[in-house]
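**Student:** Take a look at the following structure, please.
The values are calculated or read from the model by the stated rules, or taken from the named source; none is laboratory data. Being a predicted model, the structure only gives us computed values, none of them experimental. Neighbour counts run over all protein chains shown; Cβ positions are idealised from the backbone, glycine included. The protein model used for the area step is the full one, side chains on, heavy atoms only, and it has no ligands, DNA or RNA in it. Shrake-Rupley method; radii C 1.70, N 1.55, O 1.52, S 1.80 Å.
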Amino acid sequence: MSVVRVMGPDSAPGPAVPWRKVLWERQPFPDNYVDQRFLEELRRNEGIRQYRYWAVVKEAGFVGQQLSCVAIFITLWLYMEQGLLSPERLLLTSLVCALLGYGLHQALTSQMESGCELRTRLADLQSATIFLSFTFGFSPVLKTLTESVSTDTVYAMSAVMLLAHLVSFPYAHPSTPGSLSLNAALFASVCLASRLPGALHTFAMLSCALLVFAMWPCLLQRLRENAPSQFTGLCVGVCIGGVGGLGSQSPGGAVLLALALGSVTLLCPLLLVMLQRHKDNIQGPWDEAEIHEDISHFLH
Amino acid sequence: MGQRRRAVTNPSSRRVSGAPADVARVPSRKHNICMVSDFFYPNMGGVESHIYQLSQCLIEKGHKVVIVTHAYGRRKGVRYLTNGLKVYYLPLQVMYNQSTATTCFHSLPLLRCVFVRERITVVHAHSSFSAMGHDALFHAKTMGLNTVFTDHSLFGFADVSSVLTNKLLTVSLCDTNHIVCVSYTSKENTVLRAALDPKIVSVIPNAVDPTDFTPDPSQRLDDRITIVVISRLVYRKGIDLLGGIIPELCLKHPDLHFLIGGEGPKRIVLEEVREKYQLHDRVRLLGALEHKDVRGVLVQGHIFLNTSLTEAFCMAIVEGASCGLQVVSTRVGGIPEVLPNDLITLCEPTVRSLCAGLEAVIAQHRSGSVPSPASVHARVRSLYTWRNVAERTEKVYDRVSGEEVLPLDRRLRRLRAYCGPVAGTIFALFAVLDFLLLLFLQWLVPDRVMDVAMDATGPHGLWRPGPSSKVSGTKRAAEKDSSS
């Protein structure tokens, strides 16, 4: 095999044969040769999504309304704690809201083809009955659960858990609330509810928590899918309700909430859109290949 | 360079940064090379055998080579391998995956000892995963030695961990004299990762010892077609794809057998597949293989399958082809550069594409239209040899030894300019501290009072492949020397 032995850095460039990106052929080029085709397979920002400001604001609205939901829940708890809201009234309102929401949910579901919908109304009723009866039965226990823990600790724990709920909430697919976010929210509600004056208060608070943290996101997701324009309005409404409600109890908190909402729904999308043009994502043949197929069916 | 050679007689003139221009371009110059990597025998892998084989060929060419790695278990101190190749197993703490912990400073005293005693002129670090290699580069630049780095792996750009490691690579390579990559894809990757000038990056492929991998068709069973897979059983090697290919093809071809060598966390996937489809007699899992046993497994097969998802060079397919097997592989990383199209069937990294590629090769086998193992071997044997690798690496050393090592002030400026204001400043500070530490060490024990190690290899090497008494005499002398 006669090979052209011109290798190693800084050798003189060879004859006018085109360079090839192969290693098995000894080519008349130095080892540190840089061809025109160097990096030709580099691809930049492939499949990039161009965001538009108002579309991002709309999506961010979901985050804002979830923040407001937490604020509304805290407001209700503050009212309960100060005795301004009786548990009977809260229960009644919750029941009415639940029934209205359930009806709306059913209406929106039947609009879609009910291919994936397998739960019957009887099953829904069963779950509701089981949950309510157990919560009612256990509410005296829950009421005294944290008695031996200092109030500061309980508040701090609730704050951390509500924060965890907001952070871990699955904003993209809220119809199946993430187990972490839902558990964190319910843990916080149990903590807060156990500081209320009576067992019925605890029961009302927990039912309300379930409504706000478990059912409401499902309904909202349905709205987002089927009625986008109403969804936006609803988000704005919830945000105003959250700020207003908190304002009636603590004006400082309301200001802070309004600032947080403003930055989450208006400022952050602006940053995202503005930083978008600095995005420089590079791909090439060196990237690890991804397995897109579902291989698990070979196993199960 | 030349001054450093004279250091035997006049050790006080050793600390120079950069080389005098008049001796810069003598091609036949012999170098004192120090290979540094966390990965060396008894650890097994591509980097390890690369360092060993390259060192042996460089010794053959008359250079002096020593290898520095960290202690493996009870293997610490100085060891000698074939042809007087000296290996320092330094007592540095291993942190993760056989890579040492790095503080940028603590390895300086030991490495300085090695560099000074062995009169090293070129420090050659291997593998971007090796913290010790980067440490050695850092100290070598502080000591005014020329540096070369070989990158053996590909890296992505997408996640946080790669952003961080790429930043560290930028810091480490911005003032390294020359970089070697094992394929053009690897070069593109490294140039992008470390923001380098592509002119200081050479492509020198890996090699395979063709005498180790010779075909032996008599080992094949004629009543079946055997597909051989030899790879660590990990995600990056595409073992999940293999788990999809096995049932698909075994159902279609009743005479198809799989022979799988290697061990790893994905073994369970293959075992489940074997269990579910009752393929115990047709899919054999051999477990971890010693390097010497690989050929014995390869020659039993007709087809070599590689399902890697990323690969800088892939020695395994060259070994398979060298044993005369038909190679089927995924088209990822540097693999398309490695073998000519008639020796390899490239497929997309999907079960369907790999099955199609394998079926095409199986059909060729049935019709008898595949080239004979001997003819495949004859084609592959001259493609990648270690002598060729050593020859090309030698040219890199020749070039590097003519270059100057940046003095501290320009090194600091380079770090600030290339690595960004934050990382650049931090590492410039580290470089200053490293320099001060070096001055302190030189004040404690000046270079000129340090013993010079016996040369086993190189122009003045004492190693003679002869009676064992002489060999052990040299070894004793050197070990005494290094422990004093």
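**Student:** Look at A:GLY8 and say whether it is outside any helix (DSSP H, G or I), within 12 Å of chain B (Cβ to nearest Cβ), over 30 Å from A:LEU186 (Cα atoms) and modelled with pLDDT under 85.
**Tutor:** On the way: outside any helix (DSSP H, G or I): yes; within 12 Å of chain B (Cβ to nearest Cβ): yes; over 30 Å from A:LEU186 (Cα atoms): yes; modelled with pLDDT under 85: yes.
Criteria met by A:GLY8.
**Student:** If you don't mind, there's one more thing I want to ask. Output the number of the condition that B:ILE225 fails; it satisfies all remaining conditions of (1) within 16 Å of A:ASP287 (Cβ to Cβ); (2) more than 12 Å from chain A (Cβ to nearest Cβ).
**Tutor:** For B:ILE225, the exception is condition (1).
**Student:** Just the residues that are of a type in the set (Ser, Thr, Tyr) and buried (at least 23 other Cβ atoms within 10 Å of the Cβ), please, taken from region B:38-64.
**Tutor:** B:SER55 - this is the single residue of region B:38-64 that is of a type in the set (Ser, Thr, Tyr) and buried (at least 23 other Cβ atoms within 10 Å of the Cβ).
**Student:** Among the residues of region B:318-342, count how many are farther than 23 Å from B:LEU221 by Cβ and in a loop (DSSP other than H, G, I, E, B).
**Tutor:** The initial filter retains those residues of region B:318-342 that are farther than 23 Å from B:LEU221 by Cβ, namely B:318, B:329-342.
Filter again for in a loop (DSSP other than H, G, I, E, B), leaving B:331-334, B:339-342.
Final tally of qualifying residues: 8.
**Student:** Can you pull out the residues in region B:395-433 that are away from chain A (no Cβ under 14 Å), open to solvent by less than 40 Å² (accessible area, probe 1.4 Å) and either of a type in the set (D, E, K, R) or at positive phi (or both)?
**Tutor:** Across region B:395-433, the qualifying residues are B:ARG411, B:GLY420.
**Student:** OK, next. Within the bounds of region B:163-183, is there any residue that is surrounded by fewer than 18 Cβ atoms within 10 Å (Cβ to Cβ), in contact with an Asp or Glu (Cβ under 6 Å, 6 or more places away or on another chain), more than 8 Å from chain A (Cβ to nearest Cβ) and modelled with pLDDT under 95?
**Tutor:** No, there is no match, as no residue in region B:163-183 is surrounded by fewer than 18 Cβ atoms within 10 Å (Cβ to Cβ), in contact with an Asp or Glu (Cβ under 6 Å, 6 or more places away or on another chain), more than 8 Å from chain A (Cβ to nearest Cβ) and modelled with pLDDT under 95.
**Student:** A further question on this structure: Got a number for residues in region A:244-259 being surrounded by 15 or more Cβ atoms within 10 Å (Cβ to Cβ) and under 21 Å from the mean Cα position of the chain (by Cα)?
**Tutor:** So the count comes out to 2.
**Student:** In region B:233-249, which residues are away from every other protein chain (no Cβ under 11 Å), buried (at least 17 other Cβ atoms within 10 Å of the Cβ) and free of Cβ contacts under 8 Å to residues at least 60 places away in the same chain?
**Tutor:** Hit for region B:233-249 is B:LEU233, nothing else.
**Student:** Would you confirm whether any residue within region B:259-280 is touching a residue at least 24 places away in the same chain (Cβ under 8 Å), more than 28 Å from the chain's Cα centre (by Cα), crowded, with 16+ Cβ neighbours inside 10 Å and more than 14 Å from chain A (Cβ to nearest Cβ)?
**Tutor:** no
**Student:** Still on this structure, I have one more. Going residue by residue through region A:267-287, is there one that turns out to be within 14 Å of another protein chain (Cβ to nearest Cβ), surrounded by 15 or more Cβ atoms within 10 Å (Cβ to Cβ) and of a type in the set (D, E, K, R)? Walk me through how you get there before you give the answer.
**Tutor:** Residues of region A:267-287 that are within 14 Å of another protein chain (Cβ to nearest Cβ), as a first pass: A:279-287.
Retained after the next criterion (residues that are surrounded by 15 or more Cβ atoms within 10 Å (Cβ to Cβ)): A:282-287.
Right, trim to of a type in the set (D, E, K, R) and you get A:287.
For region A:267-287, residues within 14 Å of another protein chain (Cβ to nearest Cβ), surrounded by 15 or more Cβ atoms within 10 Å (Cβ to Cβ) and of a type in the set (D, E, K, R): present.
**Student:** Scan region B:49-80 for residues that are without any contact (Cβ under 8 Å) to a residue 40 or more places away in the chain and either outside any helix (DSSP H, G or I) or farther than 19 Å from B:VAL114 by Cβ (or both) and report the count.
**Tutor:** Keep residues of region B:49-80 that are without any contact (Cβ under 8 Å) to a residue 40 or more places away in the chain, which gives B:52, B:55, B:67, B:71-76, B:79.
Filter again for either outside any helix (DSSP H, G or I) or farther than 19 Å from B:VAL114 by Cβ (or both), leaving B:67, B:71-76, B:79.
Total meeting the criteria: 8.
**Student:** Regarding region B:143-157, can at least one residue be identified that is of a type in the set (A, V, I, L, M) and more than 14 Å from every other protein chain (Cβ to nearest Cβ)? If you could, list the steps in order and put the result at the bottom.
**Tutor:** In the first step, residues of region B:143-157 are kept if they are of a type in the set (A, V, I, L, M); the result is B:143, B:145, B:148, B:154.
When the remaining residues are screened for being more than 14 Å from every other protein chain (Cβ to nearest Cβ), the result is B:143, B:145.
Within region B:143-157, one or more residues are of a type in the set (A, V, I, L, M) and more than 14 Å from every other protein chain (Cβ to nearest Cβ).
Okay, residues lined up against (1) in contact with a strand residue (DSSP E or B) (Cβ under 6 Å, 6 or more places away or on another chain); (2) loosely packed, with under 13 Cβ neighbours inside 10 Å; (3) modelled with pLDDT of 90 or more; (4) away from chain B (no Cβ under 11 Å):
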position: A:ALA16; (1), (2), (3), (4): no, yes, no, yes
position: A:ARG26; (1), (2), (3), (4): no, no, no, no
position: A:PRO30; (1), (2), (3), (4): no, no, yes, no
position: A:GLU40; (1), (2), (3), (4): no, yes, no, no
position: A:ARG49; (1), (2), (3), (4): no, yes, no, yes
position: A:VAL56; (1), (2), (3), (4): no, no, yes, yes
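**Student:** Mind checking which residues of region B:188-200 are more than 8 Å from every other protein chain (Cβ to nearest Cβ) and either open to solvent by less than 10 Å² (accessible area, probe 1.4 Å) or in contact with a strand residue (DSSP E or B) (Cβ under 8 Å, 6 or more places away or on another chain) (or both)? Can you show your working first?
**Tutor:** Residues of region B:188-200 more than 8 Å from every other protein chain (Cβ to nearest Cβ): B:190, B:193-197.
Those that are more than 8 Å from every other protein chain (Cβ to nearest Cβ) and either open to solvent by less than 10 Å² (accessible area, probe 1.4 Å) or in contact with a strand residue (DSSP E or B) (Cβ under 8 Å, 6 or more places away or on another chain) (or both): B:THR190, B:ALA194, B:LEU196.
**Student:** How many residues does region A:66-101 contain that are within 25 Å of A:PRO228 (Cα to Cα) and either free of Cβ contacts under 8 Å to residues at least 24 places away in the same chain or not in a helix (DSSP H, G or I) (or both)?
**Tutor:** Residues in region A:66-101 being within 25 Å of A:PRO228 (Cα to Cα) and either free of Cβ contacts under 8 Å to residues at least 24 places away in the same chain or not in a helix (DSSP H, G or I) (or both): 3 in total.
**Student:** Hey, another quick one. Conditions first: (1) within 29 Å of B:PHE435 (Cα to Cα); (2) in contact (Cβ under 8 Å) with a residue 60 or more places away in the chain. B:TYR184 passes all but one, so which condition is the exception?
**Tutor:** B:TYR184 satisfies every listed condition except (1).
**Student:** Would you please name the residue that is farthest from B:VAL208 (Cα to Cα), looking only at residues in region B:305-317 that are part of a loop (DSSP other than H, G, I, E, B) and of a type in the set (A, V, I, L, M)?
**Tutor:** It comes out as B:LEU309.
**Student:** Go through the residues of region B:362-383 one by one and say whether even a single one is buried (at least 18 other Cβ atoms within 10 Å of the Cβ) and either in contact with an Asp or Glu (Cβ under 7 Å, 6 or more places away or on another chain) or at the interface with chain A (Cβ under 8 Å from one of its Cβ atoms) (or both).
**Tutor:** There is at least one residue in region B:362-383 that is buried (at least 18 other Cβ atoms within 10 Å of the Cβ) and either in contact with an Asp or Glu (Cβ under 7 Å, 6 or more places away or on another chain) or at the interface with chain A (Cβ under 8 Å from one of its Cβ atoms) (or both).
**Student:** Report, by residue number, each residue of region B:340-350 that is crowded, with 21+ Cβ neighbours inside 10 Å and farther than 19 Å from B:GLN364 by Cα.
**Tutor:** Of everything in region B:340-350, just one residue is crowded, with 21+ Cβ neighbours inside 10 Å and farther than 19 Å from B:GLN364 by Cα, namely B:PRO349.
**Student:** Just checking, how many residues over region B:201-225 are crowded, with 20+ Cβ neighbours inside 10 Å and more than 11 Å from B:CYS323 (Cβ to Cβ)?
**Tutor:** 8
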